[in-house]
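The values are calculated or read from the model by the stated rules, or taken from the named source; none is laboratory data. All figures in this text were calculated on a predicted structure; none of them were measured in a lab. Cβ atoms come from the backbone with ideal geometry, glycine included; neighbour counts cover every protein chain shown.
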Amino acid sequence: MTRFIKEKEKRTLFFLAISLPALVVSFFSVGNLPVDTAWIAILLCGIPIIKGAVIGLVTEFDIKADVLVSIALIASIITGEIFAAGEVAFIMAIGAYLEERTVAKARAGIEKLVHLTPATARLVKDGEEFIIPAEQVKPGDSLRVLAGETIAVDGIITKGQTSIDQSVMTGESLPADKGEGDEVSSGTVNQFGTFDMTARKVGEDSSLQRMIRLVESADAGKAKIVGVADRFATWIVVIALASAIGTWFLTGEIIRSVTILVVFCPCALVLATPTAIMAGIGNAAKYGILIREGDALERLAKVKRIAFDKTGTLTAGKPAVTQIVSSTAEYSPDMLLELAASAELRSEHPLGKTIVSYYRKKEGKTPKEPDDFRLLAGRGVTCRLDGDTVLAGNEVLLSEEKIPIPEILSQAAEKAKENGCTVIYLAFGRNSIGLIALSDTLRPDASETVSSIHNTGIKTVLLTGDTSHAANHMARIAGISDLKSNCLPEDKLTAIQDYQNNGEPVCMVGDGINDAPALKTAYVGIAMGGIGSDIAIDAADIALVGDDIKEIPHLLRLSKKTMGTIRINLAASMLLNFMAIALAITGILNPVLGALVHNAGSVAVIINSSLLLKWRK
């Protein structure tokens, strides 16, 4: 499909490139040629327009702007006004090309989601493992999932402990610790340990397949905005034909009727929207905003609420050390950090890597190499340093080792969790000595961006798969009062549908695979182009190439300015058309002059639209 579009685009550009010099030669009568060269423009640019108009009329009785254009072309040719016919065909071909350029290309987001579904699963039966196609898994089957494998179906862990990367479903960058009795979803990735599970929801009922269906249904349900010229085409055709026939009947001069059809040909009207949209797209591109859908600016101007995802959108999308708490004067925060960095030096867990990276950046050196390092899936790590045992992990790890947690650490941990932090406890020997709190951090320009959005009169809401503690903390800092936490993909989609059903068109801003259904369902979808997944970008109408959310307020104002420019273009082009008709009826304009007058209107529309290229409030 994409290849076909590119070939069609190249062919159109080739036809336009040949038609332009042919029209110049025709207008100035260069070379005293036996045949008017304007016929080249008629054949290359006009025939496709007439063909499309006939097909639309015959198959669907669909009256669009190309019907009036075709009438004007044929009338001009019959009366011998070849240049006028060629000029009209050329202008309309440019308008059609610009319109096509604003239409979205074929996208592969759904196919990419399908590819996330694992092809096979490990069935455990009578103590033996069998590799079977994922679609053959039945509810109740016992499956085994190794480290690094993608989970094939929804189910419950029956044996083992691990950490699961659930970003495909929740959008959260940190893996979730899982043990016996915990639920796991298809499409999520087993990070560390091996575990056994019982299949519950398989095939079309699995979480990933449900999300694929949500994306498909949301895409099909998003209405496309019809071009203004096509919207009023029936009335334009009726008025033009009535004026032409009435003039012919009253004056008996066919040339005046042809002139009416030529000047009423909606070239400027057709150009009014796509030229402004293209200029708006060019303006946005200068600020790192890629507009992928031609009518996205038109829709964005009507948005009443912006919904933000949290992780990777309002926040940086990766954990950072926010607090180090010691429970004894014997260990300073710097000493705790050094112990933790050594313990986590060989860890593959994102939190462990963050601690090591933070230590290296702060101290400018590599942590001490640990002995007897062990990764305990879903709990933490343990090692030996200078002959003593060091533990770094969660409450479960310390409970298994029967190491008590002092009250001072329990209180600090509770407060940190209320602020959305993940806590890693540290134990040296058999004693708890401190903790390190880590959290995703708000983008530095997030609160300013939210404030600027509110100043435009648009409301905001936070939709996140994270816990209520983390969501409340980030929303409070960012200045967002409305929020919904613990959201699965269908929850975000439902929330957006509820707002839109209540008359609030929503613009969704997200970055993860789990945001794809919401991005599709929203009136406008904006994806983070750098940190965002390919699937989220494919589902969106607009992409922020540099993940720069501070440009969203400019984008909102640009959309309203673009719509204002379109309205001016439409009003001016219609006014010019009616004035030209009056002149054509009185015989002041002939077809060639009429073509030039309405051509001047087209040029004026293009110039007015081009002013958008450098606009910024």
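Below is a table of values for the structure above.
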quantity	calculated
Matching option when the condition is modelled with pLDDT of 85 or more and surrounded by fewer than 24 Cβ atoms within 10 Å (Cβ to Cβ), among L576, L556	L556
Region 23-50, residues that are assigned to a helix (DSSP H, G or I) and over 25 Å from V67 (Cβ atoms)	V24, V25, S26, F27, F28, V30, G31, N32
Spans of strands (runs of 3 or more DSSP E) in region 286-327 with at least 2 residues closer than 30 Å to I566 by Cα, under 16 Å from the mean Cα position of the chain (by Cα) and modelled with pLDDT of 90 or more	305-308
Output for region 359-391, where each listed residue is more than 23 Å from S439 (Cβ to Cβ) and in a loop (DSSP other than H, G, I, E, B)	G364, K365, T366, K368, E369, P370, D386, G387
Single residue of G420, G510, G429, G434 found to be of a type outside the set (D, E, K, R) and within 22 Å of I552 (Cβ to Cβ)	G510
Whichever residue in region 496-508 is touching a residue at least 60 places away in the same chain (Cβ under 8 Å) and out of contact with any Gly (no Cβ under 8 Å at 6 or more places or on another chain) and, among such residues, is farthest from I549 (Cα to Cα)	G503
L398 within 23 Å of K178 (Cα to Cα), among the aliphatic types (A, V, I, L, M) and under 43 Å from the mean Cα position of the chain (by Cα)	no
Answer from R292, R256 - the residue that is closer than 18 Å to G510 by Cβ, out of contact with any strand residue (DSSP E or B) (no Cβ under 6 Å at 6 or more places or on another chain), among the charged types (D, E, K, R) and touching a residue at least 12 places away in the same chain (Cβ under 8 Å)	R292
Check on K550, surrounded by fewer than 17 Cβ atoms within 10 Å (Cβ to Cβ) and more than 26 Å from L261 (Cβ to Cβ)	yes
Scan of region 270-316 for residues that are more than 21 Å from T521 (Cβ to Cβ) and hydroxyl-bearing (S, T, Y), ordered by number	T273, T275, Y287, T315
Which numbered condition V356 misses (of (1) free of Cβ contacts under 8 Å to residues at least 40 places away in the same chain; (2) in a strand (DSSP E or B); (3) surrounded by 14 or more Cβ atoms within 10 Å (Cβ to Cβ))	(2)
Unique residue being buried (at least 22 other Cβ atoms within 10 Å of the Cβ), at pLDDT 75 or above, assigned to a helix (DSSP H, G or I) and more than 44 Å from the chain's Cα centre (by Cα) when the list is S19, S76	S76
Restricting region 110-136 to residues that are small (G, A, S) and either modelled with pLDDT of 90 or more or out of contact with any Ser or Thr (no Cβ under 7 Å at 6 or more places or on another chain) (or both), the residue that is nearest to M197 (Cα to Cα)	A121
Residues (in a loop (DSSP other than H, G, I, E, B) and modelled with pLDDT of 85 or more) located in region 579-617	W615, R616
Count of region 308-356 residues which are aromatic (F, W, Y) and within 21 Å of G465 (Cβ to Cβ)	1
Residue match in region 42-60 (condition: within 20 Å of I260 (Cα to Cα) and modelled with pLDDT under 80)	no
Subset tally (residues that are modelled with pLDDT of 90 or more and surrounded by fewer than 22 Cβ atoms within 10 Å (Cβ to Cβ)) for region 562-572	3
Boolean, L345 is touching a residue at least 12 places away in the same chain (Cβ under 8 Å), closer than 21 Å to V381 by Cα and buried (at least 19 other Cβ atoms within 10 Å of the Cβ)	yes
Failed condition for D541, given (1) crowded, with 23+ Cβ neighbours inside 10 Å; (2) farther than 23 Å from G282 by Cβ; (3) within 18 Å of the chain's Cα centre (by Cα)	(2)
Flag for D515 being over 17 Å from R299 (Cα atoms) and in contact (Cβ under 8 Å) with a residue 60 or more places away in the chain	yes
Among residues of region 536-559, those that are charged (D, E, K, R) and farther than 18 Å from V450 by Cα, counted	2
Any hit, region 328-340, residues being under 28 Å from L146 (Cβ atoms) and either crowded, with 17+ Cβ neighbours inside 10 Å or not polar (S, T, N, Q) (or both)	no
